[in-house]
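Written below as structure tokens is the structure these notes are about.
All of the numbers you see were taken from the coordinates with simple rules; none came from a lab. All values derive from a computational prediction rather than experimental measurement. Here the Cβ is made from the backbone with ideal geometry for all residues, glycine too, and neighbour counts use every protein chain on show.
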Amino acid sequence: MTVPAEKQSCDRCGSCCKQGGPALHRPDFSLIQEGRLDRYHLVTIRKGEPAFLPFADQPAPVPSEFLKLQGRQGSWCCLFYDEQARACSIYENRPMACGLFDCTAPEPILVITGKDLLTRFDCIDPDDPLLPLVRRHDREFPCPDMEMVTAGLNSPADRLSLLADLTPLVNGDLAFRRQLTAQGTLSVAAEMFYFGRPLFQLLLPLGVGIRETPSGVQLL
Ligand code: SF4
């Protein structure tokens, strides 16, 4: 979303809400503490994952992790955006970045972009049994270098070997999550908060296909 030069004021087009719910910042922690936002509303964007920054036309790898509001039905559109009313359904409790976003005046949101971000580690209780598992998952199944992945997928000479290299990482990530949900250690609703998006989801927009097989997913 580039800054639209022709706009003089907000006309409630909804572009800001449709192109990605906001990142949460430390002042938003009170929304979680007071129960106005719950974990199942949130997704962790892990270091290196592609995400939209304000006024960017394309998602780009992020330099450090943060929490944001989840999208709706696999899209970037904020789950609280009411398409019919063209309005925010949690207006009084919207995160700080939403109040600062104005596509006719980009300075305020750009000043805070990437700064003082809230992460899952700010919100997870030190006694939470999932905390060591979150750290282990991050070590064993980090987000790959998405710029290298994109370049490799676009190279006919490298594509197949790259997919072969990524397959164990993608399957390991899925198996880790499935084991925790099967054990009842992790609720599906909180999965995105604790572990972020499954790695295979990051590959779909890059044109990678997925096929389920008895031994795991196959990347195409
Ligand atoms: S919380 Fe409300 S204002 Fe913020 S992106 Fe979502 S719908 Fe838009």
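What percent does the relative contact order of region 39-79 come to when contacts are Cα pairs within less than 8 Å and at least six residues apart?
So the answer I get is 38 percent.
For Cα pairs less than 8 Å apart in space and 6+ apart in sequence, what is the mean separation divided by the residue count of the chain, i.e. the relative contact order in percent?
Contact order relative to length: 24 percent.
Could you pull out every residue, at least 5 positions away or on a different chain, whose amide H is within less than 5 Å of the one on Gln218? Hs are placed 1.01 Å off N in the peptide plane, and Pro or chain starts have none.
HN-HN under 5 Å from Gln218: Arg211, Glu212, Thr213.
With r as the distance between the Cβ atoms of Ser215 and Asp158 and R0 = 35 Å, compute the FRET efficiency 1/(1 + (r/R0)^6) and round to 0.05.
0.90
Of Pro95, Gly74, Gly20, which is farthest along the charge dipole of region 15-121 in the positive direction, counting Lys and Arg as +1 and Asp and Glu as -1 at C-beta?
Gly74
Can you list residues from other chains, or at least 5 along the same chain, whose modelled amide H is less than 5 Å from the amide H of Ala87?
Asp82
Just to confirm the number: angle between the C-alpha axis of helix 131-140 and the first principal axis of the chain, 0 to 90 degrees, nearest 10?
60
When the helix-only estimate is applied to the chain (DSSP H runs of n ≥ 4, each -39,500 (n - 2.57), divided by the residue count), what is the mean residue ellipticity at 222 nm, nearest 500 deg cm²/dmol?
After summing the helix terms and dividing by residue count, I get -9000 deg cm²/dmol.
Given an 8 Å cut-off on Cα distances and at least 6 residues of separation, report the relative contact order of region 15-121 as a percent.
Relative contact order of region 15-121: 37 percent.
Can you sort Thr44, Thr213, Thr113 from fewest to most other Cβ atoms within 10 Å of each residue's own Cβ?
If I rank by nearby Cβ atoms, fewest first, I get Thr213, Thr113, Thr44.
By a straight-distance test (C-alpha under 19 Å), which aspartates and glutamates pair with Lys115 as possible cross-link partners, with residues fewer than eight away in the same chain excluded?
Of all the aspartates and glutamates, those that pass the test against Lys115 - Cα under 19 Å, at least 8 places apart if same chain - are Asp28, Glu49, Glu65, Asp102, Glu107.
Taking only Cα atoms of the chain, what ratio of Rg to Rh do you get with Rh as the Kirkwood inverse-distance radius?
Using only Cα positions, Rg/Rh for the chain is 0.98.
Can you give me the orientation-averaged projected area of the convex hull built on the Cα atoms of region 15-121, in nm²?
With every direction weighted equally, the projected area is 6.6 nm².
For Ala51, what residues show an amide H to amide H distance below 5 Å, using hydrogens built from the backbone and excluding near sequence neighbours?
Residues meeting the amide H criterion: Ala60, Val62.
Under 19 Å from a label point 7 Å along Cα→Cβ of Gln8: give me every residue in region 95-117 with its amide N that close.
Taking a point 7 Å out along Cα→Cβ of Gln8, the residues of region 95-117 whose backbone N falls under 19 Å are 102-106.
From the backbone phi of region 104-114, what are the Karplus-calculated ³J(HN,Hα) couplings (6.51 cos²θ - 1.76 cosθ + 1.60, θ = phi - 60°) in whole Hz, Gly and Pro given as x?
My calculation for region 104-114 gives 8, 9, x, 4, x, 6, 5, 5, 9, 4, x Hz in order.
Distance in nm between label sites at Leu169 and Gln33, each 7 Å beyond Cα in the beta-carbon direction?
Label at Leu169, label at Gln33, 3.7 nm between them.
What distance in nm separates the simple spin-label points at Met148 and Ile124, each placed 7 Å from Cα in the Cβ direction?
Placing both labels 7 Å beyond Cα along the Cβ direction yields 2.5 nm.
Trypsin sites (Lys or Arg not before Pro) within region 93-139: which are DSSP loop residues with at most 16 other Cβ atoms inside 10 Å?
Within region 93-139, the qualifying trypsin sites (Lys or Arg not before Pro) (loop, at most 16 other Cβ atoms within 10 Å) are Lys115.
About the Cα centre of the chain, how large is the charge dipole given +1 on each Lys and Arg Cβ and -1 on each Asp and Glu Cβ? Please answer in debye to the nearest 20.
Charge dipole of the chain: 300 debye, to the nearest 20.
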